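The structure under discussion appears below in the form of structure tokens.
Since every read-out is calculated from the coordinates, none of them should be taken as a lab result. Quick caveat: nothing in here was measured; it's all calculated off a predicted structure. FYI the Cβ positions are ideal-geometry reconstructions off the backbone, even for glycines, and counts take in every protein chain you see.
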Amino acid sequence: MNQFSKLSLEELIKKKSTTKGVLIGFVTIAVIIALLFAYLHFFMGKHIKIVTLVPLFILPITWVPIFITIKSLNEEIAIRKSKNQL
């Protein structure tokens, strides 16, 4: 059974919006961290060890469940809208 089948269309749209906001927040934080590392390396002359960058490389992997959730929400919203149009 689909985890979103109990929610109304309005709740699905709100959940999709919230999930997108969370994803945008995570991506923004990752970009800020990457820019900070670049600034420290190129302008401050700080040598950053590759081990320090591992969290930055791993971070996009943690976004996969969020993308899957958004895809599932989009599918459920499309199904609901097609049912409403009939």
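Some points to look at:
- For the range 49-73, residues that are closer than 21 Å to residue 28 by Cα and over 14 Å from the mean Cα position of the chain (by Cα) total 6.
- The listed residue being basic (Lys, Arg), touching a helix residue (DSSP H, G or I) at 6+ places or on another chain (Cβ under 7 Å) and in a helix (DSSP H, G or I), out of 71, 20: 20
- Inside the range 33-56, residues that are surrounded by 10 or more Cβ atoms within 10 Å (Cβ to Cβ) and either touching a Gly at 6+ places or on another chain (Cβ under 9 Å) or not polar (S, T, N, Q) (or both) make up a count of 15.
- The single residue among 4, 26 that is surrounded by 12 or more Cβ atoms within 10 Å (Cβ to Cβ), assigned to a loop (DSSP other than H, G, I, E, B) and within 19 Å of the chain's Cα centre (by Cα) turns out to be 4.
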